[in-house]
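A quick write-up on the structure given underneath.
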Amino acid sequence: MGLRRLHHFVTLIEQGSFARAADALHLSQPALSRSIQALEADYGCALVDRSYGKAGTTAAGTMVLARARRMLREGRELRRELQLLQDIEIGSLRLGFGPFAAAFLLEPVLAALVTRHPRLGIDLEIADTQSMVQALEAERLDVFIGESQSLAGQPHLHIDRLPALQTGFFVRAGHPLAGRRAVALTELAGFPVAGPRLPARVQAFFAAQLQAEADARGGPAAAPEALLTVTCDDMHALRTLMQATDTVVLVPRSMMAGACAAGEAAALPLRPATELRAPYGAVWLAGRTLSPAARAFVALVHEVLPEA
């Protein structure tokens with residue numbers, strides 16, 4: 001029987017007449033009529049009710065219609081998945097990275113992808129988490145790596161959890177705060193402080209910390225926006241800014257490990273001790289099958305992370 005005749009039957013019922021269905025299927029009416037008759041002969045019963053001048057379904061036809069639609073949908077998904085098998089070599093991949101993730105994951109993951117799959121087309125963007133969620137929902141992205149805690153409770157998103165990213169405040173060697181054994185968060189306010197766009201929960205956390213320190217000193221209330229004076233999502237630009245000025249920067253610790261080891265930069269030990277961990281994940285639309293290329297990308301992220 002095949003799916004072709006079922007497709008003809010579903011189209012006939014949806015269009016409501018042989019003339020409109022034949023036009024939609026680019027068939028002649030006699031050819032469509034023969035196809036429906038052959039389908040009814042295969043099942044041994046009438047499927048189409050031709051009464052009242054409109055093509056409807058008999059009781060048996062209603063049952064077949066529901067099953068036919070499922071079979072056709074599964075057939076389309078099967079063709080899609082078979083096509084996806086080729087995508088890792090000849091297809092394209094639309095990726096997103098949050099600023100922190102791009103700072104330490106983008107270069108090794110991109111290099112591995114290009115080396116292993118040189119014909120794969122890659123379209124990449126770096127943006128904040130909410131912008132990437134919007135791009136994902138609009139199907140402009142296949143998958144992105146970004147801060148994940150703010151996405152909890154959104155069932156339309158699938159989050160593949162990654163190890164939390166350690167971040168910290170850093171200054172250049174020779175900075176007035178470098179070498180200090182303890183630095184209060186409010187002391188950063190004496191210098192420019194630069195970092196990426198922060199999720200609302202992180203902004204609220206810093207605001208609460210600043211307020212608590214101000215209260216402990218008996219000083220004035222802290223302004224919630226007082227921490228960051230420069231907002232920039234380019235981690236390398238932040239590093240350059242730190243090296244050239246007295247700016248304090250909030251960046252991934254892994255990004256600064258080499259500079260600290262070489263004596264070019266110093267991490268600021270906040271007191272009270274504050275653990276700055278950013279939950280991260282690979283995010284895609286729930287219920288959507290990832291292409292082999294996208295699966296290879298996510299696997300590479302997990303592969304690279306232990307070295308990050």
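Find the residue count for the stretch 245-268, including only residues that are in a loop (DSSP other than H, G, I, E, B) and either of a type in the set (Asp, Glu) or surrounded by 14 or more Cβ atoms within 10 Å (Cβ to Cβ) (or both).
Counting residues in the stretch 245-268 that are in a loop (DSSP other than H, G, I, E, B) and either of a type in the set (Asp, Glu) or surrounded by 14 or more Cβ atoms within 10 Å (Cβ to Cβ) (or both) gives 5.
Is it the case, given these coordinates, that Ala237 is touching a helix residue (DSSP H, G or I) at 6+ places or on another chain (Cβ under 9 Å) and small (Gly, Ala, Ser)?
Spelling it out, it is not the case that Ala237 is touching a helix residue (DSSP H, G or I) at 6+ places or on another chain (Cβ under 9 Å) and small (Gly, Ala, Ser).
Working only within the stretch 269-295, note down all residues that are within 15 Å of the chain's Cα centre (by Cα) and not in a loop (DSSP other than H, G, I, E, B).
Pro279, Tyr280, Gly281, Ala282, Val283, Trp284, Leu285, Ala293, Ala294, Arg295
Yes or no: Val298 outside any strand (DSSP E or B) and under 29 Å from Leu82 (Cα atoms)?
Yes; evaluated as a whole, the condition is true for this residue.
Suppose we filter Thr186, Thr167 for residues that are in a strand (DSSP E or B), hydroxyl-bearing (Ser, Thr, Tyr) and crowded, with 16+ Cβ neighbours inside 10 Å; which single one remains?
When all the criteria are applied, what remains is Thr167.
Out of the stretch 279-306, which residues are in contact (Cβ under 8 Å) with a residue 40 or more places away in the chain and out of contact with any strand residue (DSSP E or B) (no Cβ under 9 Å at 6 or more places or on another chain)?
Passing the criteria: Thr289, Pro292, Leu300, Glu303, Val304.
Looking at (1) free of Cβ contacts under 8 Å to residues at least 12 places away in the same chain; (2) in the same structural domain as Arg140 (by TED's automatic domain parsing); (3) among the aliphatic types (A, V, I, L, M), which is the only condition Leu93 fails?
Checking Leu93 against (1) free of Cβ contacts under 8 Å to residues at least 12 places away in the same chain; (2) in the same structural domain as Arg140 (by TED's automatic domain parsing); (3) among the aliphatic types (A, V, I, L, M), the one that fails is (1).
Is there a residue being part of a helix (DSSP H, G or I), of a type in the set (D, E, K, R) and buried (at least 18 other Cβ atoms within 10 Å of the Cβ) anywhere in the stretch 12-19?
No: the stretch 12-19 contains no residue that is part of a helix (DSSP H, G or I), of a type in the set (D, E, K, R) and buried (at least 18 other Cβ atoms within 10 Å of the Cβ).
Any residue that is in contact with a helix residue (DSSP H, G or I) (Cβ under 8 Å, 6 or more places away or on another chain), in a helix (DSSP H, G or I) and in contact (Cβ under 8 Å) with a residue 12 or more places away in the chain - is there at least one of those in the stretch 44-59?
no
The values are calculated or read from the model by the stated rules, or taken from the named source; none is laboratory data. Source: prediction; values computed, not measured. Cβ: placed from backbone, ideal geometry, glycine included. Neighbour counts: every protein chain shown.
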